[in-house]
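Colleague: Quick one: this structure, given as C-alpha cells, is what I'll be asking you about.
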Amino acid sequence: MNDIYETLKRYDVKNIKERFIENRVFASLTPLSKYFGKYRVRNIENLLETMIFASRWLLTPFYVGLVIGILLLLVKFTQELIHVVWHIFSFSENEIILGILSLIDISLIANLLLIIIFIGYESFVSKIQHMQTHIDRPEWMGQVDFSGMKIKLIGSIVAISAIELLKIFIDVKAYSNTELGWKVGIHGMLVVSGLMFALMDRISVKHK
C-alpha cells in the first residue's frame, strides 16, 4: 500500500509541475500574441493608408489630358488667326470683330484649362516645389485653394458666355427672339451662379 501511495503522490506532483509550467508558458506567450496581432493590424492599416494616399497620382493623366486640350486649342487658335489674316481685306468690319472675339474666346478657354491644371494638381496631387523660385512663376500659384479655384472657374465661364453673347449681338438679325432670350437667360443664370459662389465663399471665410 505504501508503494502505491508513494507512486500516486509522485504522479500528482509531476502533473502539477507540468500544468504549472504550461500555464507559465501560455501566460508568457499571450502578451506576445496580442503584440504581434496589433503589429499585424497596424501594418495592414499603414499599407491601406499608403495605397489611398498614393491614389492621388491617378489624377495625373487627367491633367496631362487637359494639357493636350490646350495644344488642341492652340491649333484651332492658329487656324482661326490665319483665316482672319487671310481675309483681312475681304471681310467686313463685323466679320473682323467676330473673328477677333473667336480668338478671345479660345484664349479664355485655354486660360480656364490652365487654372484647372495648376490649382487642381497642387491641391490634389503634389506641390510643384522646384518651381517656387522661378522668375516666371504666377503669383497666384500655391495661394489659391480649391474654393478660390471655383471662383476663378465660374468667373472664366461667365467671361466666355459674355463673349459668345457679344458675338450674337453683333449679328443679332441672324437669331430669333426665342434664341436670344435663351442666350441672355443662360448668361444671366451664370452671372447669378457666380455671385452665389462668391457669397458662399465669403460666408465660409467669416465662419473660420
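Colleague: Report residue 57's accessible area, 1.4 Å probe, all protein chains in place, as a number in Å² to the nearest 10.
Modeller: 110 Å²
Colleague: What does the charge count near residue 87 come to, summing +1 for each Lys or Arg and -1 for each Asp or Glu among other residues with Cβ under 14 Å from its Cβ? Mind showing how you got there, number by number?
Modeller: Details: positive: none; negative: 80, 93, 95.
The answer is -3.
Colleague: Another question about this same structure. Taking a probe of 1.4 angstrom, what is the accessible area of residue 183 in Å², to the nearest 10?
Modeller: Here the residue's solvent-accessible area equals roughly 90 Å².
Colleague: What's the extension gain from residue 85 to residue 126 if we count 0.36 nm per residue and subtract their Cα-Cα distance?
Modeller: On the way: separation 41, 0.36 × 41 = 14.76 nm, distance 4.20 nm.
The span from residue 85 to residue 126 would gain 10.6 nm if fully extended.
Colleague: What are the ³J(HN,Hα) couplings of region 109-120, residue after residue, when phi is run through the Karplus curve with 6.51, -1.76, 1.60 and θ = phi - 60°? Round to Hz, x for glycine and proline.
Modeller: With the stated coefficients, region 109-120 comes to 5, 5, 4, 4, 5, 5, 4, 4, 5, 5, 5, x Hz.
Colleague: Given a 1.4 Å probe and heavy atoms of the protein chains only, how would you sort 87, 187, 134, largest accessible area at the top?
Modeller: Largest to smallest exposure gives the sequence 134, 87, 187.
Colleague: Assign one of three labels to region 57-208, namely rounded, prolate or oblate, based on the Cα gyration tensor with a ≥ b ≥ c the square roots of its eigenvalues; rounded applies when a/c is under 1.5, prolate when it is not and a/b is larger than b/c, and oblate otherwise.
Modeller: oblate
Colleague: Per the Cauchy relation, a quarter of the hull surface: what is the mean projected area of the convex hull of the alpha carbons in region 54-102, in nm²?
Modeller: Mean orientational projected area (region 54-102, Cα hull): 3.7 nm².
Colleague: Can you grab the distance from the C-alpha centre of region 169-187 to the C-alpha centre of region 102-128, Å, no decimals?
Modeller: 29 Å
Colleague: Calculate, in nm to one decimal, what residue 54 and residue 197 gain on full extension: separation in residues at 0.36 nm each, minus their alpha carbon distance. Please report the intermediate quantities before stating the final value.
Modeller: Details: separation 143, 0.36 × 143 = 51.48 nm, distance 3.10 nm.
That works out to 48.4 nm of additional length.
Colleague: Determine ³J(HN,Hα), in whole Hz, for all residues of region 70-85 in sequence, where each value follows from phi through the Karplus function 6.51 cos²θ - 1.76 cosθ + 1.60 and θ = phi - 60°; x replaces Gly and Pro.
Modeller: Values per residue, Gly and Pro as x: 5, 4, 5, 5, 4, 4, 5, 4, 5, 4, 5, 5, 4, 5, 5, 5 Hz.
Colleague: Got a number for the accessible area of residue 85? Probe 1.4 Å, square angstrom, nearest 10.
Modeller: Near enough 90 Å² of accessible area.
Colleague: Residue by residue through region 179-185, which ³J(HN,Hα) values in whole Hz follow from phi under the Karplus form 6.51 cos²θ - 1.76 cosθ + 1.60 (θ = phi - 60°), with glycine and proline marked x?
Modeller: Whole-Hz 3J(HN,Hα) from phi for region 179-185: 5, 5, x, 5, 4, 5, x.
The values are calculated or read from the model by the stated rules, or taken from the named source; none is laboratory data. Quick caveat: nothing in here was measured; it's all calculated off a predicted structure. Cβ coordinates were reconstructed from backbone atoms using ideal geometry, including for glycine residues, and neighbour counts include every protein chain displayed. Protein only, heavy atoms only, side chains kept; ligands, DNA and RNA dropped before computing areas. Shrake-Rupley method; radii C 1.70, N 1.55, O 1.52, S 1.80 Å.
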